[in-house]
1. Taking Cα pairs under 8 Å and at least six residues apart, what relative contact order does the chain come out at, in percent?
2. Compute from the Cα atoms of the chain the Rg and the Dmax, the latter being the longest Cα-Cα distance, and quote both in angstrom.
3. Normalised by the number of residues in region 96-159, what is the relative contact order in percent for Cα pairs under 8 Å and 6+ residues apart?
4. If the only charges are +1 at each Lys and Arg Cβ and -1 at each Asp and Glu Cβ, what is the size of the charge dipole of the chain around the Cα centre, to the nearest 20 debye?
5. Cut-off 14 Å, label point 7 angstrom out along Cα-to-Cβ of residue 64: give me the residues of region 256-299 whose amide nitrogen falls inside.
6. What is the helix-to-structure angle for 74-86, meaning the angle in degrees between its Cα long axis and the longest Cα principal axis of the chain, kept from 0 to 90 and rounded to the nearest 10?
7. Report, in degrees rounded to the nearest 10, the 0 to 90 angle that the Cα long axis of helix 336-355 makes with the longest principal axis of the chain.
8. Give me the angle, in degrees from 0 to 90, between the Cα long axis of helix 305-316 and the longest principal axis of the Cα atoms of the chain, rounded to the nearest 10.
Amino acid sequence: MTKVEQIEKAFALAKERYASIGVDVDRAIQSLRQVAISVHCWQGDDVAGFEATDVALGSGLAVTGNYPGRARNADELRSDLQLAYSLIPGRHRLNLHALYGEFSGQVDRDEIDVTHFQGWIDWARSEEVKLDFNPSYFSHEKADDGFTLSHSDSGVRQFWIDHGIACRKIAAAMGGAQGTPCVNNFWVPDGYKDSPACRKAPRERLAASLDEIFDEVIDTDKLLDAVECKLFGIGSESYVVGSHEFYLGYAISRNKTLCLDAGHFHPTEVISDKISSVLMYVPELLLHVSRGVRWDSDHVVTFSDELQAIMQEIVRGQYLDRVHIGLDFFDASINRVAAWVIGTRNALKALLAALLEPTETLQRAEREGDYTTRLALMEEQKMMPLGAVWDQFCLMSDVPVGADWLQNVRQYESDVLSQRNDQSAVV
């Protein structure tokens, strides 16, 4: 029996098992096919970007490791992404940061425009990849003191306001070119290392700055504005201006998309518990699926309990049409392409597991107060043949099954990544 025959036989048996508990496997796979994960560009180059500047990564961000093969320019990054996409089932998006434009010479953040991203737009069209975007409020001399949009200096604040306005125009152009909204996410690292004497004033300035940025009404068929909260960061351990409460209130009052990052809360908090609450009051939700280890460390996403809980909440609440799933991790200690593949495939596996739950049966037992059945079925579900369905989904998507994809990455590392000199600047 060939490997393909083994996979198909196991899948046929798995369908019977799932059918016995009222789950339609074909329907689950069809639902999964419709989901596009927004893959983050910054895993491929350690959040360095392509600006003509020597400013080091800052504003509380840190990447550890020195694995060879970091992408040094847009063409290398696109090549790496193409390999990653070819090893991930389904068709997915790309999440770009503003510092990844293709600049000829030094272009400051308040001067960027769509021409600096036309190469990405053209590439995305040819690859049938949809784009999302982010202003870059970090790794810049005007962010060295820890403040940007909430800065007490009106000149510095205006510089970052202008950057935000420019990014909205770029994102809207992307959305118009691809015929689907570009999600433009604002994360601002502003905060104090030690206890502030005034928490109020920076938050008032941040709100006013955001209001100025969002003043121009742009068609939501082209652009979705998102705002991202955080509990603390390196250098802002005691106070972050854009806290969860700040951005929750801002998103509700301004009708914006709220971004929840899995690493941006206290280690005892989980974003899976927040999804159904915030979606009662905000129109849409953006998720940055990450894995914090003891702090907001952005480890590669694994098939963890919390990852599964996040996807369960999305499916159980019927939120797939209101939640944008993005990834956010960066690890330079392992092959960067492999990190993309591992993290994205795990996100899809967890979503498939949620789609294969007997959701109606579980919720009916809960409504009837039969918590015994609810717990029993939830636990039995953990031993259902998810792997057989996942393997078939990969086979149907014409991507490697199991760990076979690793051979492609190793060959690419030998042929391409090993030839890069990480110490040299290539433009």
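1. Working: 747 pairs, mean separation 90.4, N = 427.
Across the chain, relative contact order equals 21 percent.
2. 21.9, 72
3. Details: 36 pairs, mean separation 20.9, N = 64.
Once divided by the residue count of region 96-159, the mean separation gives 33 percent.
4. Working: 41 positive and 64 negative charges, 155 e Å.
Once rounded to the nearest 20, the dipole reads 740 debye.
5. 292-299
6. 10
7. Compared with the principal axis, the helix lies near 50 degrees.
8. Rounded to the nearest ten degrees, it is 80.
Bear in mind that the values in this text are calculations on the coordinates, not laboratory data. The shown structure was predicted, so the numbers you read here are calculated from the model rather than taken from an experiment. No Cβ is skipped: glycine too gets one built from the backbone with ideal geometry, and neighbour counts run over all protein chains shown.
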